[in-house]
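**Q** Let me give you the structure first, and then I'll get to my questions.
The values are calculated or read from the model by the stated rules, or taken from the named source; none is laboratory data. Please read these numbers as outputs of a predicted model, since none were measured by experiment. Every residue, glycine as well, gets a Cβ built from its backbone with ideal geometry; the counts of neighbours run over all protein chains shown. Accessible surface areas use protein heavy atoms only, side chains included; no ligands, DNA or RNA. Shrake-Rupley method; radii C 1.70, N 1.55, O 1.52, S 1.80 Å.
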Amino acid sequence: QKEVEQNSGPLSVPEGAIASLNCTYSDRGSQSFFWYRQYSGKSPELIMFIYSNGDKEDGRFTAQLNKASQYVSLLIRDSQPSDSATYLCAVKSGGSNYKLTFGKGTLLTVNP
Amino acid sequence: GAVVSQHPSWVICKSGTSVKIECRSLDFQATTMFWYRQFPKQSLMLMATSNEGSKATYEQGVEKDKFLINHASLTLSTLTVTSAHPEDSSFYICSASAASGIDEQFFGPGTRLTVL
């Protein structure tokens, strides 16, 4: 059973702070890692994906991957109230069917 | 960017009726489409994977005779919930992967189904 674990939260941070979201996965064969943001009542939207160990930055977002520890994280710098949402970690294992396994998500609240 | 649409965005039906949900990739060809279901405060649960022109692959525990999936073209997949019951009330979301082999899945806006 391939599992993706996230702290359900809620994670509450003040506006302007750094929000740190974490995710662990069980399948060592996993190759691709995605972070999605989901607002209440809406479908997920892709924030970032990462394939290689290390950091990947895109604007205020940084994804970090450590395959040895089976750990992926998302940092949000200068958090804004509009960042308040549920953040879903998704993992794709090796193979050609592009199937993603999602974590349960972490609810982030950014307080003005 | 890649756009995926779903129709309808919400539907209310009586118990025992069937409901069809359409998922379209508007500006790219999707060799693979995925159907997810999400209950309140839960994560997305994959129901099935469909490839154009072939039978869908259902996840364990998903009844293929109840949730009929048709992927007739590279831009359209449909999910039909047959003989719907109140426990089928959920948020149904489709996603699509482009033929280029990129891992990213592009999500539709979702369909909220309420069965009375």
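**Q** With the cut-off at 1.5 for a/c, could you classify region A:16-78 from its C-alpha gyration tensor as rounded, prolate or oblate?
**A** In terms of gyration-tensor shape, oblate.
**Q** Okay, next question. How would B:His71, B:His85, B:His7 rank on accessible area, largest to smallest, probe 1.4 Å?
**A** B:His7, B:His85, B:His71
**Q** Compute the separation of the alpha-carbon centres of region A:1-54 and region B:37-54 and state it in Å as a whole number.
**A** Cα centroid to Cα centroid, the span is 18 Å.
**Q** Mind checking the per residue accessible area of region B:1-103 for me, 1.4 Å probe, whole number of Å²?
**A** Heavy-atom SASA per residue in region B:1-103 reads 50 Å².
**Q** What pairs in A:Lys56/A:Lys92; A:Lys2/A:Lys42; B:Lys20/B:Lys66; B:Lys14/B:Lys64; A:Lys67/B:Lys41; A:Lys42/B:Lys66 have C-alpha atoms more than 23 Å from each other? Don't skip to the end; give the middle numbers.
**A** On the way: A:Lys56/A:Lys92 18 Å; A:Lys2/A:Lys42 26 Å; B:Lys20/B:Lys66 12 Å; B:Lys14/B:Lys64 21 Å; A:Lys67/B:Lys41 29 Å; A:Lys42/B:Lys66 25 Å.
In this structure, A:Lys2/A:Lys42; A:Lys67/B:Lys41; A:Lys42/B:Lys66 exceed 23 Å between Cα atoms.
**Q** Please turn the phi angles of region A:78-93 into ³J(HN,Hα) values with the Karplus equation 6.51 cos²θ - 1.76 cosθ + 1.60 (θ = phi - 60°), one per residue in order, whole Hz, x for glycine and proline.
**A** 6, 4, 10, x, 5, 7, 4, 5, 9, 10, 9, 9, 9, 10, 10, 7
**Q** Can you give the relative contact order of region B:1-87 as a percent, counting alpha carbon pairs under 8 Å and 6+ residues apart?
**A** Contact order relative to length: 33 percent.
**Q** Another question, if that's okay. Expressed as a whole percentage, what fraction of the accessible surface of region B:54-116 belongs to carbon and sulfur atoms when a 1.4 Å probe is rolled over the protein heavy atoms?
**A** Exposed carbon and sulfur together represent 54 percent of the surface.
**Q** From the C-alpha coordinates alone, can you work out the Kirkwood hydrodynamic radius of chain A, in Å?
**A** About 14.0 Å, per the Kirkwood formula over Cα pairs.
**Q** Share of region A:9-50's accessible area from carbon and sulfur, percent, 1.4 Å?
**A** After summing per-atom areas, the C and S share lands at 50 percent.
**Q** Report, to one decimal in Å, the Kirkwood hydrodynamic radius for chain B based on all distinct Cα pairs.
**A** 14.0 Å
**Q** Report the FRET efficiency, 1/(1 + (r/R0)^6), for B:Lys14 and A:Asp27, where r is their Cβ-Cβ distance and R0 is 35 Å, rounded to 0.05. Don't skip to the answer; put the middle values down first.
**A** Numbers: r = 42 Å, r/R0 = 1.20.
Between B:Lys14 and A:Asp27 the formula returns 0.25.
**Q** Still on this model: Cα convex hull of the protein assembly as shown: how many Å³ per residue?
**A** 121 Å³
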